[in-house]
Amino acid sequence: MALERTLSIIKPDAVAKNVVGQILSRFEGAGLKVVATKMAQLSRAEAEKFYGVHAQRPFFKDLVDFMVSGPVVVSVLEGEGAIAKNRDLMGATDPKKAEKGTIRADFADSIDANAVHGSDAVETAKVEIAFFFPEANIYSR
Ligand code: RTP
Ligand code: MG
């Protein structure tokens with residue numbers, strides 16, 4: 001397995017529920033290192049650009065509305081197979097379908113308010129990380 005980086009966003013619902021620490025703990029417990037992190041309030045323009053790949057989808061407006069509804073915690077996670085590992089920890093997009101013990105099964109309420117985002121591939125991870133963090137602000141260990 002390769003050493004990878006992935007972008008994680010703890011979404012507004014999970015920040016509002018006060019489970020930021022519990023979610024970051026799950027990443028650490030699975031061997032992922034937090035090598036950059038910050039809290040941010042996304043603007044509409046930022047949320048639209050970040051999720052630009054979904055611009056033509058019927059759920060796009062709801063997704064953007066939700067992502068700007070409160071602050072988020074954005075992190076870069078580093079580790080062996082970090083992209084797939086993070087997606088395993090997150091569980092399925094729809095929390096009703098997410099496996100027991102996953103972040104979405106435990107903390108998410110709906111397919112819109114689904115607690116976390118995680119990059120889905122090496123290339124998207126690169127783009128998403130650069131969207132939020134200059135290389136100088138990533139503290140690889
Ligand atoms: P994410 O990008 O947020 O990590 O989630 P994902 O890969 O599991 O799902 P994706 O297909 O990339 O969709 C992005 C976000 O859009 C919302 N969504 N709603 N109503 C729907 O059918 C629907 N499908 C997707 C979800 O909030 C999803 O996280
Ligand atoms: Mg996605």
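Is it true that some residue in the range 87-102 is more than 15 Å from ligand 2 (Cβ to nearest atom), acidic (D, E) and either under 20 Å from V64 (Cα atoms) or in a helix (DSSP H, G or I) (or both)?
Within the range 87-102, none of the residues are more than 15 Å from ligand 2 (Cβ to nearest atom), acidic (D, E) and either under 20 Å from V64 (Cα atoms) or in a helix (DSSP H, G or I) (or both).
Inspect all residues belonging to the range 75-83 and state whether any of them is part of a helix (DSSP H, G or I), open to solvent by less than 40 Å² (accessible area, probe 1.4 Å) and either touching a strand residue (DSSP E or B) at 6+ places or on another chain (Cβ under 9 Å) or without any contact (Cβ under 8 Å) to a residue 60 or more places away in the chain (or both).
yes
Return the residues of the range 1-21 that are under 14 Å from S75 (Cβ atoms), in a helix (DSSP H, G or I) and open to solvent by 40 Å² or more (accessible area, probe 1.4 Å); say none if nothing qualifies.
Result: G21, single match.
How about the range 113-141: which of its residues are farther than 20 Å from M39 by Cα, assigned to a loop (DSSP other than H, G, I, E, B) and within 16 Å of ligand 2 (Cβ to nearest atom)?
Of everything in the range 113-141, those that are farther than 20 Å from M39 by Cα, assigned to a loop (DSSP other than H, G, I, E, B) and within 16 Å of ligand 2 (Cβ to nearest atom) turn out to be D120, A121.
What single numbered condition from (1) closer than 20 Å to V122 by Cα; (2) open to solvent by 20 Å² or more (accessible area, probe 1.4 Å); (3) not in a loop (DSSP other than H, G, I, E, B) fails to hold for G31?
(3)
So if I check each of A105, A98, which one is out of contact with any Lys or Arg (no Cβ under 6 Å at 6 or more places or on another chain) and among the aliphatic types (A, V, I, L, M)?
The match here is A105.
So the check is Cβ under 8 Å with 6+ separation or different chains; which pairs have a first residue in the range 123-141 that's surrounded by 12 or more Cβ atoms within 10 Å (Cβ to Cβ) and a second one that's of a type in the set (D, E)?
If the second residue must be of a type in the set (D, E), the pairs left are A125/E4.
From the list L42, L7, L32, which residue is free of Cβ contacts under 8 Å to residues at least 60 places away in the same chain and touching a Ser or Thr at 6+ places or on another chain (Cβ under 9 Å)? Don't jump to the end; show me each part of the working.
Values: L42 fails: touching a Ser or Thr at 6+ places or on another chain (Cβ under 9 Å); L7 fails: free of Cβ contacts under 8 Å to residues at least 60 places away in the same chain.
After ruling out the rest, the residue left standing is L32.
Restricting attention to the range 37-81, which residues are away from ligand 1 (no atom under 14 Å from the Cβ) and within 16 Å of L3 (Cα to Cα)?
V76, E78, G79, E80, G81
The values are calculated or read from the model by the stated rules, or taken from the named source; none is laboratory data. Here the structure is a predicted model, which means the values were calculated and not measured. Backbone-built Cβ (ideal geometry, glycine too); neighbour counts: all protein chains shown. These area figures cover heavy atoms from the full protein model, side chains too; ligands, DNA and RNA do not enter into them. Shrake-Rupley method; radii C 1.70, N 1.55, O 1.52, S 1.80 Å.
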